[in-house]
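**Q** I'd like to ask some things about the structure below.
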């Protein structure tokens with residue numbers, strides 16, 4: 001299944017794909033496409049062998065539950081374009097209003113960038129699970145969306161509140177547009193046999209998929225696959 005086209009305000013990739021996660025070569029997935037009953041196993045579990053990081057070891061994703069519509073809404077809204085700022089009230093030319101405006105300073109501060117708004121919304125969201133990179137290093141999963149289970153290939157979007165390249169031996173600098181981003185979006189395509197691929201916002205832009213009502217990677221098809229999912 002191919003994903004629908006993403007639209008709306010987007011963030012450019014957070015770094016160069018040639019230097020981020022250069023040798024993440026194997027991802028063994030044990031995925032449940034259905035929501036677990038109370039006390040049952042995790043909703044999604046992924047294990048990976050990670051190379052090219054400061055501390056070699058495995059990557060484990062454990063998701064306890066998926067985000068609700070209400071939990072996803074403020075995260076998606078944070079990336080949408082903000083409404084235009086209201087124009088200041090016009091006063092009499094040369095009158096007190098004009099002098100007060102000039103004397104009052106430099107006006108309202110500029111609006112927060114999409115990366116800053118989105119980072120704040122992600123941090124405020126509940127923790128749904130964790131991504132472990134070995135030892136006690138963990139990343140909180142704050143957003144978890146999946147496409148309907150009836151599809152042959154299921155899309156899964158996870159967002160963690162930190163950059164997953166923070167432990168690479170030679171991390172690439174963020175682009176100017178995403179310099180304030182402190183999160184990582186992971187989008188995966190997994191079939192019913194448990195095989196597929198995953199890509200991240202470390203090398204791809206983030207945008208709003210208006211049809212699916214979720215954040216996603218913009219231009220997913222052209223993005224480099226950094227995660228290989230196998231049974």
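**Q** Just one of the numbered conditions (1) modelled with pLDDT under 90; (2) surrounded by fewer than 19 Cβ atoms within 10 Å (Cβ to Cβ); (3) touching a strand residue (DSSP E or B) at 6+ places or on another chain (Cβ under 6 Å) is not true of residue 210; which one?
**A** Unmet condition: (1).
**Q** Given the conditions (1) modelled with pLDDT of 80 or more; (2) surrounded by 13 or more Cβ atoms within 10 Å (Cβ to Cβ); (3) in contact with a helix residue (DSSP H, G or I) (Cβ under 9 Å, 6 or more places away or on another chain); (4) over 20 Å from residue 187 (Cβ atoms), which single one is not true for residue 79?
**A** With (1) modelled with pLDDT of 80 or more; (2) surrounded by 13 or more Cβ atoms within 10 Å (Cβ to Cβ); (3) in contact with a helix residue (DSSP H, G or I) (Cβ under 9 Å, 6 or more places away or on another chain); (4) over 20 Å from residue 187 (Cβ atoms) applied to residue 79, the lone miss is (4).
**Q** Consider residue 131 against the criteria (1) assigned to a loop (DSSP other than H, G, I, E, B); (2) surrounded by 14 or more Cβ atoms within 10 Å (Cβ to Cβ); (3) at pLDDT 70 or above: it satisfies all of them except one. Which criterion is unmet?
**A** All conditions are met except number (1).
**Q** Further, regarding this structure: Please count how many residues of segment 44-71 are at pLDDT below 60 and surrounded by 15 or more Cβ atoms within 10 Å (Cβ to Cβ).
**A** Selection size over segment 44-71: 5.
**Q** Name, by its number, the condition in (1) within 14 Å of the chain's Cα centre (by Cα); (2) part of a loop (DSSP other than H, G, I, E, B); (3) modelled with pLDDT of 75 or more that does not hold for residue 180.
**A** Every listed condition holds for residue 180 apart from (3).
The values are calculated or read from the model by the stated rules, or taken from the named source; none is laboratory data. The model shown is predicted, which means the values in this text are computed figures rather than measured ones. Neighbour counts run over all protein chains shown; Cβ positions are idealised from the backbone, glycine included.
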